[in-house]
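Trainee: Supplied in structure tokens, the structure appears directly below.
The values are calculated or read from the model by the stated rules, or taken from the named source; none is laboratory data. Being a predicted model, the structure only gives us computed values, none of them experimental. Note that each Cβ is placed from the backbone with ideal geometry, even for glycine, and that neighbours are counted across all protein chains shown. To get the accessible areas, we keep the full protein, side chains included, count just its heavy atoms, and leave off ligands, DNA and RNA. Shrake-Rupley method; radii C 1.70, N 1.55, O 1.52, S 1.80 Å.
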Amino acid sequence: MVSKILISACLLGRPVRYDGKGKPLLHPSVERWKVQGRLVGFCPEQAGGLPTPRPPAEIESGMTGEDVLAGRARVLEVTGGDVTAEFVTGGERAVAFARAHDCRFALLIDGSPSCGSGFIYDGSFTGQRHPGHGVTAALMRRAGIAVYSDREVDELAAILEP
């Protein structure tokens, strides 16, 4: 059976990012998976009820998605709004969507407080980043879905295309 891959919708070029833009991931493997019908696009932030465009958001105080899920941190907008509930809801919906589509893998955009899987921003809104997972990436990992960042396409391809 061919493994499906949940992919951040913005990486497919869909204008769903906080700034109302997409961020297409141009890579031969991604193009091949698209043609093969293996990619399933999803935006957790929209699924959680956030509008597009929306204020930038980061996980507070240098914390991670795991900290948010444990109740130790919040996801805050640059304007000060608390959007933790929307991020958690969106992440839970992403996991349910991945399961419904038999996705064993997720290819998520790095840096996002939802999808970051290698790094996220530190909550200061100064561009400072640190290692960690966003809320959706943390929930995907908990659910047993293998998570790869947009910088790890070759590693995912090595597994899927031996």
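Trainee: Taking the Cβ of residue 129 as the center, what net charge do the other residues with Cβ under 11 Å away carry, scoring Lys and Arg +1 and Asp and Glu -1?
Mentor: -3
Trainee: Please compute the contact order of the range 1-99 in relative form: average sequence separation of alpha-carbon pairs under 8 Å and at least six residues apart, divided by the residue count, as a percent. Before the final figure, lay out each step's value.
Mentor: Details: 146 pairs, mean separation 25.2, N = 99.
Reported relative contact order: 25 percent.
Trainee: Label points 7 Å out from Cα along the Cβ direction at residue 61 and residue 26: separation in nm?
Mentor: 4.2
Trainee: Which one, 70, 147, 26, projects farthest toward the positive side of the charge dipole computed for the chain from Cβ point charges (K/R +1, D/E -1)?
Mentor: Selected residue: 26.
Trainee: Evaluate the charge dipole of the chain about its Cα centre and quote only its size in Debye, nearest 20, assuming +1 on the Cβ of each Lys and Arg and -1 on the Cβ of each Asp and Glu.
Mentor: Magnitude of the dipole: close to 480 debye.
Trainee: So, one more: At a Förster distance of 30 Å, what's the computed FRET efficiency of residue 146 paired with residue 70, Cβ-Cβ distance as r, to 0.05? Display every interim value, and only then the final one.
Mentor: Details: r = 22 Å, r/R0 = 0.74.
Here the calculated transfer efficiency is 0.85.
Trainee: Quick one, which of [x] 11.5; [y] 8.6; [z] 9.7 is the actual mean projected area of the Cα convex hull in nm² calculated for this model?
Mentor: Only one option fits the structure, namely [y].
Trainee: Among 134, 57, 95, which residue has its Cα positioned farthest towards the positive end of the charge dipole of the chain, with +1 placed on the Cβ of Lys and Arg, -1 on the Cβ of Asp and Glu, and the dipole taken about the Cα centre?
Mentor: The residue sitting most towards the positive pole is 95.
Trainee: Okay, moving on. Identify all aspartates and glutamates with a Cα-Cα distance to residue 4 below 15 Å; exclude those on the same chain that are fewer than 8 residues away in sequence.
Mentor: Of all the aspartates and glutamates, those that pass the test against residue 4 - Cα under 15 Å, at least 8 places apart if same chain - are 31, 102, 161.
Trainee: Taking the Cα centre as origin and putting +1 on Lys and Arg beta-carbons and -1 on Asp and Glu beta-carbons, what dipole magnitude results for the range 123-162, to the nearest 20 debye?
Mentor: 320
Trainee: Moving on. Would you work out the charge dipole size for the range 1-49 about its Cα centre, treating the Cβ of every Lys and Arg as +1 and the Cβ of every Asp and Glu as -1, and quote it to the nearest 20 debye?
Mentor: Computed charge dipole of the range 1-49: roughly 120 debye.
Trainee: Heavy atoms only, probe 1.4 Å: what % of the accessible area of the chain goes to carbon and sulfur, would you let me know? Numbers along the way, then the final one.
Mentor: Details: 3910 of 7490 Å².
Heavy-atom surface of the chain belonging to carbon and sulfur, 1.4 Å probe: 52 percent.
Trainee: Estimate the FRET efficiency between residue 35 and residue 159 by the formula 1/(1 + (r/R0)^6), using the beta-carbon distance for r and 25 Å for R0, to the nearest 0.05. Mind showing how you got there, number by number?
Mentor: Details: r = 19 Å, r/R0 = 0.75.
Plugging the Cβ-Cβ distance into 1/(1 + (r/R0)^6) gives 0.85.
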